[in-house]
1. Quick check: net charge around L66, other residues with Cβ under 12 Å of its Cβ, Lys/Arg +1 and Asp/Glu -1?
2. If each of D85 and D60 carries a label point 7 Å out from its Cα toward its Cβ, how far apart are those two points in nm?
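FYI, it's all coordinate maths here, none of it is from the lab. Computed from a prediction, not measured in an experiment: that's the story for all the values here. Note that each Cβ is placed from the backbone with ideal geometry, even for glycine, and that neighbours are counted across all protein chains shown.
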Amino acid sequence: MATTAPKEEPGGDGDVTMNEPNGISSPKELKMALYTRCASLEAGLVFNQEELLAFNIIPDNNLEQLLVYTKQLAKDGLFKVMQKDGRICWKVVNKTDAAKYEILGHQGKL
C-alpha cells in the first residue's frame, strides 16, 4: 500500500520555492512564493529587503530580482510600498482587498 507524504500547509517552515524539474523556478512562481511566504505570517507586518531576502526564495539573494518582484506585486496590488526609518519596505495586501482595489481603480478610469 503506497503512502503519500503529507502536504505542507501554507505558512509552514518548509521551502516555499516551487522548483521545476530542472531546478529553475519561473519568475511568476518566485514572485508568488514571495507573496505566499509574507502573507502566511502575521497580518500587518512590514518587510524590508533584508527580511524578504532572508526567506531564501530569490535565487542567489539577487537584489535586482527582488526589486522586480516587489514592484510587480505592488503593481498587482498585493504589496503596498511604504517607508520605515527612511528605508523602503512592503506590506502585504490580502488578495480579497487587492481585488477590491483593482475594481475601484477600473471604475475610476471610466
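1. Overall, the nearby charge balance is -2.
2. Computed distance between label sites D85 and D60 equals 2.9 nm.
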